[in-house]
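Scroll down for the structure; my scribbles are underneath it.
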Amino acid sequence: MFDFVNTHKRLIQLVLGIAMVPFAFVGLESYTRSMGGASDVASVDGQAVSLRELNEEYRQQIERMRGILGRGADMSLFDTPEARAGLLDSLVDRRILATAAVKSRLVISDEQLRELIATMQPFQVDGKFSKPTYEALLQAQNMTPAMFESKLRFDLSMSQLSRSVASSAIQSRTVSARLTALEGQQREVQEHVIRADAFADKVKVDEGAVKAFYEANLASFRTPELVRAEYLVLSGEKLGALDPVSEDEIKAAYAARSSQFRQEEQRSVSHLLIAAGTEVKPAEKEAARKKAEALLGEARKNPAKFAELAKQNSQDPGSAEKGGELGTVARGSMVKPFEEAAFKLKEGEISNLVETEFGYHIIRVTSIQAAKVKGLEELRAEISRELARQKGVRKFAESAEVFSNLVYEQSDTLKPAAERFKLQVQKTDWIPKAGSPAAGPLANPRMLAALFSPDSIQSKRNTDAIEVGPGVLASARVTEHKPAAQLKFEEVKADIEKTLRQQEAGKLARREGEAKLADLKAGKDPGAAWSAPHVISRAKAEGLPPEALRQILSADVEKLPAYAGFGADRGYVVYRVTRVTDAPQKPPEEAKAEYARLESQVGNEQFSAYTASLRSRAKIEINKANLEKKQEQ
């Protein structure tokens, strides 16, 4: 039962270390017991999912998204009916899986739990578990040890359950090899383009159709609501610039951190690899060694031809085309045998054969950069920037509240805040409510929402100071407003006619394209003019639309040329496949990694199917009224 924990202890430590975000930790049992009440949002086989749980899940998601998008991101974008329904789905699945784990008796013992927690690096001091550190870290995350340990039990139970289900999936090596081959297959194609514009003169648009289109799409023919605004931006960068970094500060910072400025020895290295991984048979490994020895002899006879030998013979796809060049390496960046050999060589010297888990290497050092300590002049600009940033951070922390109070208390003008912090009041052009500026502080969704609020438009009050980026506050004030308005038919008639003409021309182009495609498949010559050939693959679509790529790659290429077609409003394209090139066989290590990836994918699909099967048999009831309640403050 505990094989997974014992075998993958380091992996579990890493996952759990990353997962330590603010979380209301509840035990495995609490996922499975009934909690009924008027505030429930769902019931799973009679076991309640409460509104409190949903709101807590929402809070966790917000914290995760803030960590990814930055503190200035508009979190209201995630408080939608669709997002809350998705969160509820995850809670329902969790409840179903927890029940399955309990029924399967996947329980973690107290001893196993204590052992795992004791080895988790965040809770250690000088390499040993520290109970005060453990309790302090949990307290900082608003957790008690009991809460953390209950959630840890649940996570480990889920790991065991998912592993046992995923491992039951069997990935065929034949299927894996076929999928890999298809993924790397390349097809040479030519195009015959039938443009819709060529049919525009043949299309007549009836005014009645234009009028009907206008009436059916009135919402599309409205001018957006617009505002012009003035705004202020308070940032740590600007505040730091008001207090320039002095020479004495730079020198003091350099002296305090001089030990950090040492650059260790680095070497520019090339190599030639003859692959012989750990799964290679003894006879194949011996053949690889003999081949490598022969190449070593050639390289030593004529070192100037090392790059040519590597390009022709190396089985490292990442460096072979570059003549074996690996670039600059430092200690700790390569596997140990390779590193030890490379750092014993003199400049221009070629190594003996070096055996690693990848095979046999011939290494050549092309240049050596000795270890050195960077001087003050070399680091002056970097240190100055860092000190200015630190000053800005401190001053921003000191000024943010004052700035917020000023724009709030004197809400009819931004001038007092501008004068207090030596800021420039900036002005915008017209901003549409439905869109946003391409960049800048007013591109922030929260700022846009504040600008178009009734208070801003009707009373011309300053917005609150809004965090529009890390260490950046902004406040804005509407100076002009234009409400949305319906465009008259005469104003948009010409545009509608153009749209309808394009649509009808597109249909004609498609009709002709499909006819030519049918002729070509029947062996007839419709007089198509083909473009120069180019190569596409699943990984290299060359800008093709996904559906066009799918049509080309699904075309029957038993007999060439093969044909496919794809149409859109702007025309139709007939594709001729003239050549198919199979993917080159991957080295054993790459093939093994690819099989592992596909095996993991199949295992994940198996677990998803298992979850869906459990869900289909569960009795799930959703309380839509409670689901639609907003996040509790």
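Within the group R228, R267, which residue is surrounded by fewer than 16 Cβ atoms within 10 Å (Cβ to Cβ) and in a strand (DSSP E or B)?
From the options R228, R267, the qualifying one is R228.
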List every residue pair whose Cβ atoms sit under 8 Å apart, with the two residues 6 or more apart in sequence or on different chains, where the first one lies in the stretch 458-473 and is outside the structural domain of L414 (by TED's automatic domain parsing) and the second, anywhere, is modelled with pLDDT under 90 and assigned to a loop (DSSP other than H, G, I, E, B). none
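Is it the case that the stretch 85-102 has a residue that's assigned to a loop (DSSP other than H, G, I, E, B) and either closer than 18 Å to I620 by Cα or aliphatic (A, V, I, L, M) (or both)?
no
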For F421, indicate whether it is crowded, with 17+ Cβ neighbours inside 10 Å and either polar (S, T, N, Q) or under 21 Å from D455 (Cβ atoms) (or both). no
Determine, yes or no, whether T479 is in contact (Cβ under 8 Å) with a residue 24 or more places away in the chain, outside any helix (DSSP H, G or I) and within 38 Å of the chain's Cα centre (by Cα). no
Please determine whether any residue of the stretch 245-263 is at pLDDT 85 or above and either farther than 28 Å from L376 by Cβ or part of a strand (DSSP E or B) (or both). no
For the stretch 304-329, enumerate the residues that are in contact (Cβ under 8 Å) with a residue 60 or more places away in the chain and surrounded by fewer than 14 Cβ atoms within 10 Å (Cβ to Cβ). P317, T328
Could you check the stretch 388-406 and list, in sequence order, the residues that are closer than 10 Å to L239 by Cβ and of a type in the set (K, R)? K391, R394, K395
Only listed residue being within 29 Å of the chain's Cα centre (by Cα) and either among the aromatic types (F, W, Y) or at pLDDT 80 or above (or both), chosen from L156, L179, L234, L226: L156
Those residues of the stretch 208-225 which are touching a residue at least 60 places away in the same chain (Cβ under 8 Å) and surrounded by fewer than 16 Cβ atoms within 10 Å (Cβ to Cβ) amount to A209, K211, L218, R222, T223, P224
Quick check: anything in the stretch 423-436 under 15 Å from V478 (Cβ atoms), aliphatic (A, V, I, L, M), within 34 Å of the chain's Cα centre (by Cα) and not assigned by TED's automatic domain parsing to the domain that holds A292? yes
Working only within the stretch 543-566, note down all residues that are touching a strand residue (DSSP E or B) at 6+ places or on another chain (Cβ under 8 Å) and part of a helix (DSSP H, G or I). E547, A548, L549, Q551, I552, L553, S554
S475 vs (1) at pLDDT 90 or above; (2) surrounded by fewer than 21 Cβ atoms within 10 Å (Cβ to Cβ): all pass except (2)
What pairs come out if I take residues in the stretch 417-436 that are on the phi > 0 side of the Ramachandran plot and pair them with residues that are part of a loop (DSSP other than H, G, I, E, B) and at pLDDT below 90 whose C-beta lies under 8 Å away, six or more apart or interchain? K422/L242
Pick out the one residue from K540, K516 that is assigned to a loop (DSSP other than H, G, I, E, B) and either among the basic types (K, R) or touching a Cys at 6+ places or on another chain (Cβ under 8 Å) (or both). K540
Would you check if A371 is at pLDDT below 85 and aliphatic (A, V, I, L, M)? yes
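The values are calculated or read from the model by the stated rules, or taken from the named source; none is laboratory data. Here the structure is a predicted model, which is why all the values come from computation and not from measurement. Ideal geometry is used to build each Cβ from the backbone, glycine not excepted, and the neighbour counts take in all protein chains shown.
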